[in-house]
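The values are calculated or read from the model by the stated rules, or taken from the named source; none is laboratory data. Since this is a predicted model, take the numbers as computed values, not measurements. Here Cβ is always computed from backbone atoms with ideal geometry, including for glycine, and neighbour counts include all displayed protein chains. With ligands, DNA and RNA removed, areas are computed over all heavy atoms of the protein, side chains included. Shrake-Rupley method; radii C 1.70, N 1.55, O 1.52, S 1.80 Å.
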Amino acid sequence: MIVNLGYTALLLALLCSFYAIVSARVYINNNKLQWVDSARNAVLSVWFLLTLACLILVYLLTNEHFEIEYVASVSSRAMPWYLKATALWGGQAGSLLFWSWLMSSYTGIMMLRDWSNERDLQPYVITASMLTLAFFVSLNVFVENPFNVLWIDSFGNITSSMTRPDANLMFTPNDGAGLNPLLRHPGMIIHPPMLYLGFVGFVIPYSFAIGALAVGRTDGVWIRATRRWTLIAWLFLSLGLLLGGRWAYDVLGWGGYWGWDPVEIAAFMPWLTGTAFLHSVIIQEKHGMFKRWNMILIILTYALVIFGTFLTRSGVLSSVHAFAQSSIGPLFFIFITVTFTISLLLLFRGWESLASRKTLTSWLSREGMFLLNNLLFMGILVACFWGVIYPLISEIITGQKVTVGPPFYERTTGPQFAALLLLMGIVPLVAWRITTVNRIGHLIWKPTIISLLVPIMSIISGIFNFAALLSLWLASLVFCVTIYEFYRGAIARSKSSGNIFFISLWQLISRNRRRYGGYIVHLGIVFMAVGIIGVEMFQTETQGTLAIEERMSLEDYSLVYKDLDEYPENDGRFVTKATLDVYKNNKLIGELEPRRDYYNISQQRMTIPDVYSTLEGDLYVLLIDWKPVGPQQATFKVYLNPLINWIWIGGFLFILGTLVATWPDQRDRHIITNNKSIAQPF
Amino acid sequence: MAMSRTNPPKLGQSHITVQQRKNRLGQLAVWILLAALLVFVAIKLFQTSLGPVRSGKPPDFTITTFNDQTYTLSDLEGKIIVINFWASWCDPCKAEAADLEMLWRDYKDKDVLLLGIDYADTEKEALDYLSTWDITYPNGPDVGTTISQSYRIRGVPETYIVAQNGLLAKSFIGPINYENVEVVLEALLDK
Amino acid sequence: MEIKWITKSILLVMLLTCIPFNKTPNVLAQDINPTDDEVNAISKQLYCPVCESIPLDACGTQACIQWRDTIRAKLTDGWSEEEIKQYFSDQYGIRVLAEPPVDGFNKLLWYLPPSLFLIGALLVTRLLSNTKNKLHVQHETTSNIENANHYVERIEHDFKKWQ
């Protein structure tokens, strides 16, 4: 049976992972190249085997094989084919398999690179990454088997296992339970893969770091070899977070994109350390400083990925996003204990040799600023981590359950985010090693004056909230300084080359993609910051019950309730849809149709908003099912989310910037072949 | 490895030992923090894996009913106690409400006490619920949701039967029906 | 001198930004018929144990509907926002509050992150002050090199390097 083939592929993948680890070990002992090549081939076969397992599961899902426990739990006949296929990551077992497959893709591609410069690291990289992969595959093999078949005995008890228990018959339900309605959204189709790609991507730089520690190489070779991998992982993680926000906004129906939910924070924490890492490796590449710190950061990032996954998948944390109760907890716990201990042991062993000979010269240097940046990121991380873990600690020590909600995070991290913005505005103007106040002042006064326009305009338009004015000014400062940096560089370039401005600008960006890509990312952050300030500080909402033709208003908008439709949809939903006319300043501008979906099988209710969206902000309307009101009356909740679309625009810029920074260019060859030149401060 | 080992930074010998001592203290602190974190997570993991209380001595509690009577589990030893967790917003609870009341009427004279514990509910709706289903056995709110926490309930309804000796005899996760409980009660009364 | 000044001002700005971003509290009118918005303003700050990590105002379960009705009833009786929150936390435990009150063990929740941040800041500052003194001479010379006029040369230098 095809199910056995799938399970065998999983088993073989596990064996191959272990084989790779063993033969890497043999290579370390005898230094014969054929062993490391053999390990490499094993890594590649793991990818093939997991690909096979994934394809089989997708085949089972799309062909309605409801005798498979996993298929019956996440798929149903009424679902369109693409949802059936993407149900691969719709439940615990399948998403673990998908996770392993993504990780094996990373490790597989990594094996195909040219290893001649880092041959000594290779066996350790294989060991560290394959150990992680083997663990995840073993979760599938031993605990959460996606290929388990349903069996029924003569008493009607249903069990699931790979082999048929005695006196049992195979049980094929007529239909599956179907995918959780929350997950039936285009955003949900791509959100998990992006997030997972981000998560598992960090295993590559981590494995290199562990390799460098194990071998005792204190140079930055592991950083240079994984720079692009880190950026790609970080890009996907950012994308995953963004898409997750968009999904929450479109589907969860609470008018927001980010709820400081433990699972969201669990995904956000590796992003924080990853971002800090991306910044501080620049210092190591330029000046050979922060060696220890970079090791700490990448180990922390990896640890947070694993720990976050553990928290959300083991049932330790409760959250909207959490997976159902699962028995993978104990195995996961052992893995965490082992990997954290090994990482720390290796780090402490190499601690002395990682000391940097150069010291920091001044706060007023690029290095000092990066250090400050890292300090702030760590501050945010500590607050996030503490907020997530505190309820657990409190419950154990005092026996009291507590909730740590958004106000805690907003208050503890808000000031640090603002400080990060300020830093982002100053740093491009600060030179390496040391600079002076005069010099910064000389460079910053023009952008500062221009940036003051934004708070001034805000005051004119009637905003007096100090925090809002301050953060808007910070955002505009970063924007002006960053644009000024592009302008300054391009003008200088155009003066000396005689090219026109735009050609010079293009040359400038394409010749130093990393720096200017980074600046584009900063611009993206500015846009997102503006959107976040808009929603966090100026969101307004109202709720009311309307009879047909009755009107409710919020700020400049008003809504007139026209009609209510109730009809069954052939995908197993019962839809209740309201129609409202939207007026802005008493002018009809459109129609909105918020609705409520009721899923018959799972008995779940979804409140799907309809949104009138402009650059100025979103009018977000929900049909609330609070009160049993008839079709003559309906209750609506209306949010006005000012500037929220700037978040998504910022997201696009952000991705563009990361792509610019990641794109291969000649400069990398240069770095590899000529290490000396990049160590030169300019 | 060898290369970096043989080239320590050229600093005074005494300085290195001070530095090393500091490093060692720092490392110790990191280990302690990690261990503490892991211990907390392990405890929580253990607790979640336990599930609802299944046997042995059930957690003691005191409940004040809606008509201001007070019951303490440990004072009731010698009786069979049926503890039922419910809420007015819970549909499955409605399905078992009539059976529970019937059980109470049939067994209240045989040293059986039914105790209804109202979980995360609002008083007005709870009282409406009790009168709708004509429930006469003692019921009270779970103030601070402490009783439900100590029983680690996963939802409502859940029913726990405590034998005369004060030990848990049976627990039901999800709605009960008359016959399920009757069997347990008869067995306990026969002893 | 300048260094000290700028360090101080950076610290000052950071301190300023530490002023909590408090939203203006919702002032509730004590009217007889509380509006949905008044009910929501309080529900937003509460979490019902039935749907964990979803604020009460956004939750559609029957339990939450009843909770909101209770808030409405209390408002009608003239209770204040604080009294209602207190009632809910007494009745269902402090986990219904969006954040635990700052007392007893829970002080740890509030005080640990800022104190760790301060420790971190201190460590970083010490890292710098170790090297600060020997820098003065170096500082003068480098700052002269870092002249605005050299910017063009630097860009060109980088440019050639990358080609």
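If I ask for residues that are open to solvent by 10 Å² or more (accessible area, probe 1.4 Å) and either among the hydrophobic types (A, V, I, L, M, F, W, C) or farther than 16 Å from A:Leu297 by Cβ (or both), which ones from segment A:225-243 would you list? It would help to see each step written out before you state the result.
To start, the set of residues in segment A:225-243 that are open to solvent by 10 Å² or more (accessible area, probe 1.4 Å) comprises A:225, A:227-229, A:231-232, A:234-236, A:239, A:241-243.
Hits for segment A:225-243 are A:Ala225, A:Arg228, A:Trp229, A:Leu231, A:Ile232, A:Trp234, A:Leu235, A:Phe236, A:Leu239, A:Leu241, A:Leu242, A:Leu243.
Scan segment A:243-258 and tell me whether some residue there is within 21 Å of A:Leu213 (Cβ to Cβ), assigned to a helix (DSSP H, G or I) and more than 13 Å from every other protein chain (Cβ to nearest Cβ). Lay out the reasoning, then the answer.
First pass over segment A:243-258, keeping only residues within 21 Å of A:Leu213 (Cβ to Cβ): none.
No, the conditions are met nowhere in segment A:243-258.
Between B:Ile43, B:Ile16, which is modelled with pLDDT of 90 or more, on the phi < 0 side of the Ramachandran plot and part of a helix (DSSP H, G or I)?
Values: B:Ile16 fails: modelled with pLDDT of 90 or more.
One residue alone meets the criteria, B:Ile43.
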The lone exception for A:Asn140 - which of (1) modelled with pLDDT of 90 or more; (2) not assigned by TED's automatic domain parsing to the domain that holds A:Ala87 it fails: (2)
With the checklist (1) modelled with pLDDT of 90 or more; (2) open to solvent by less than 40 Å² (accessible area, probe 1.4 Å); (3) in contact with a Leu (Cβ under 8 Å, 6 or more places away or on another chain) in hand, flag the one item B:Trp31 doesn't pass. (2)
Can you pull out every residue in segment C:63-79 that is more than 10 Å from chain A (Cβ to nearest Cβ) and either under 16 Å from A:Gln604 (Cα atoms) or not hydroxyl-bearing (Ser, Thr, Tyr) (or both)? C:Ala63, C:Gln66, C:Trp67, C:Ile71, C:Arg72, C:Ala73, C:Lys74, C:Leu75, C:Asp77, C:Gly78, C:Trp79
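Can you go through A:Glu395, A:Glu410 and tell me which one is acidic (Asp, Glu) and either more than 30 Å from B:Gln47 (Cα to Cα) or facing another protein chain (nearest Cβ under 7 Å) (or both)? Please lay out each step first, then the result.
Values: A:Glu395 fails: either more than 30 Å from B:Gln47 (Cα to Cα) or facing another protein chain (nearest Cβ under 7 Å) (or both).
Criteria check complete, one pass: A:Glu410.
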Can you find even one residue in segment A:528-538 that is at pLDDT 90 or above, among the aromatic types (Phe, Trp, Tyr), closer than 15 Å to A:Gly650 by Cβ and part of a helix (DSSP H, G or I)? no
Given the options B:Val181, B:Val162, name the one that is crowded, with 19+ Cβ neighbours inside 10 Å, over 18 Å from the mean Cα position of the chain (by Cα) and more than 24 Å from C:Gln91 (Cα to Cα). B:Val181
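If you go through segment A:40-86, how many residues are of a type in the set (Gly, Ala, Ser), in contact with a Phe, Trp or Tyr (Cβ under 6 Å, 6 or more places away or on another chain) and open to solvent by less than 10 Å² (accessible area, probe 1.4 Å)? Talk me through it step by step, then tell me what you get.
Residues of segment A:40-86 of a type in the set (Gly, Ala, Ser): A:42, A:45, A:53, A:72-73, A:75-76, A:78, A:85.
Filter once more, so that each one left must be in contact with a Phe, Trp or Tyr (Cβ under 6 Å, 6 or more places away or on another chain): A:42, A:72.
Filter once more, keeping what is open to solvent by less than 10 Å² (accessible area, probe 1.4 Å): A:42.
The total comes to 1.
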Scan segment B:138-159 for residues that are surrounded by fewer than 20 Cβ atoms within 10 Å (Cβ to Cβ) and more than 14 Å from chain C (Cβ to nearest Cβ) and jot them down. B:Pro138
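Is it fair to say B:Leu115 is in a strand (DSSP E or B), open to solvent by less than 30 Å² (accessible area, probe 1.4 Å) and either more than 22 Å from C:Tyr92 (Cβ to Cβ) or more than 13 Å from chain C (Cβ to nearest Cβ) (or both)? It would help to see each step written out before you state the result.
Details: in a strand (DSSP E or B): yes; open to solvent by less than 30 Å² (accessible area, probe 1.4 Å): yes; either more than 22 Å from C:Tyr92 (Cβ to Cβ) or more than 13 Å from chain C (Cβ to nearest Cβ) (or both): yes.
In short, yes.
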I need the full set of residues from segment A:152-181 which are open to solvent by less than 20 Å² (accessible area, probe 1.4 Å) and without any contact (Cβ under 8 Å) to a residue 24 or more places away in the chain, in order please. A:Asn168
Mind listing whichever residues of segment A:566-580 are open to solvent by 70 Å² or more (accessible area, probe 1.4 Å) and either touching a Ser or Thr at 6+ places or on another chain (Cβ under 7 Å) or assigned to a loop (DSSP other than H, G, I, E, B) (or both)? A:Glu566, A:Asn570
For segment B:55-72, which positions are open to solvent by 20 Å² or more (accessible area, probe 1.4 Å) and within 17 Å of B:Gly140 (Cβ to Cβ)? B:Pro59, B:Asp60, B:Thr62, B:Thr64, B:Phe66, B:Asn67, B:Asp68, B:Gln69, B:Thr70, B:Tyr71, B:Thr72
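Go over the candidates C:Leu122, C:Leu109, C:Leu116 one by one and state the one that is within 25 Å of the chain's Cα centre (by Cα), more than 9 Å from chain A (Cβ to nearest Cβ) and assigned to a helix (DSSP H, G or I). Explain how you work it out, then say what you get.
On the way: C:Leu109 fails: more than 9 Å from chain A (Cβ to nearest Cβ); C:Leu116 fails: more than 9 Å from chain A (Cβ to nearest Cβ).
One residue alone meets the criteria, C:Leu122.
Within the group A:Ile491, A:Ile509, A:Ile520, A:Ile483, which residue is in a helix (DSSP H, G or I), open to solvent by 40 Å² or more (accessible area, probe 1.4 Å), among the aliphatic types (A, V, I, L, M) and more than 10 Å from every other protein chain (Cβ to nearest Cβ)? I'd like the intermediate steps shown before the answer.
Working: A:Ile491 fails: more than 10 Å from every other protein chain (Cβ to nearest Cβ); A:Ile509 fails: open to solvent by 40 Å² or more (accessible area, probe 1.4 Å); A:Ile520 fails: open to solvent by 40 Å² or more (accessible area, probe 1.4 Å).
Answer to the selection: A:Ile483.
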When segment B:36-54 is examined, which residues are found to be polar (S, T, N, Q) and open to solvent by 40 Å² or more (accessible area, probe 1.4 Å)? B:Gln47, B:Ser49
Among (1) more than 7 Å from every other protein chain (Cβ to nearest Cβ); (2) modelled with pLDDT under 90; (3) surrounded by 19 or more Cβ atoms within 10 Å (Cβ to Cβ), which single condition is C:Ile54 missing? (1)
What residue, of A:Met111, A:Met103, is touching a Lys or Arg at 6+ places or on another chain (Cβ under 6 Å) and under 21 Å from A:Phe236 (Cβ atoms)? A:Met111
Say we look at segment A:353-387 and pick out the residues that are within 14 Å of chain B (Cβ to nearest Cβ) and in a loop (DSSP other than H, G, I, E, B); which of these is surrounded by the most Cβ atoms within 10 Å (Cβ to Cβ)? A:Ser356
With the requirement that a residue be out of contact with any Phe, Trp or Tyr (no Cβ under 8 Å at 6 or more places or on another chain), within 21 Å of A:Tyr59 (Cα to Cα) and not in a loop (DSSP other than H, G, I, E, B), what does segment A:143-157 give you? A:Val149
B:Tyr107 fails exactly one of (1) open to solvent by 30 Å² or more (accessible area, probe 1.4 Å); (2) more than 27 Å from C:Gln66 (Cβ to Cβ), namely (1)
When A:Lys587 is run through (1) at pLDDT 90 or above; (2) crowded, with 22+ Cβ neighbours inside 10 Å; (3) more than 27 Å from A:Ile533 (Cβ to Cβ), the failure sits at (2)
Do we find that A:Ile334 is modelled with pLDDT of 85 or more, open to solvent by 10 Å² or more (accessible area, probe 1.4 Å) and within 30 Å of A:Val74 (Cα to Cα) in this structure? yes
Filter segment A:393-439 down to the residues that are open to solvent by 40 Å² or more (accessible area, probe 1.4 Å), free of Cβ contacts under 8 Å to residues at least 24 places away in the same chain and in the same structural domain as A:Tyr516 (by TED's automatic domain parsing) and list them by number. A:Arg411, A:Asn438
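Is it the case that some residue within segment C:135-153 is part of a helix (DSSP H, G or I) and at pLDDT 90 or above?
First, pick out the residues of segment C:135-153 that are part of a helix (DSSP H, G or I): C:135-145, C:148-153.
After this cut, where a residue has to be at pLDDT 90 or above as well, the list is none.
Scanning segment C:135-153, I find no residue that is part of a helix (DSSP H, G or I) and at pLDDT 90 or above, so the answer is no.
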From A:Asn174, A:Asn145, A:Asn168, which residue is more than 23 Å from the chain's Cα centre (by Cα) and modelled with pLDDT of 90 or more? A:Asn145
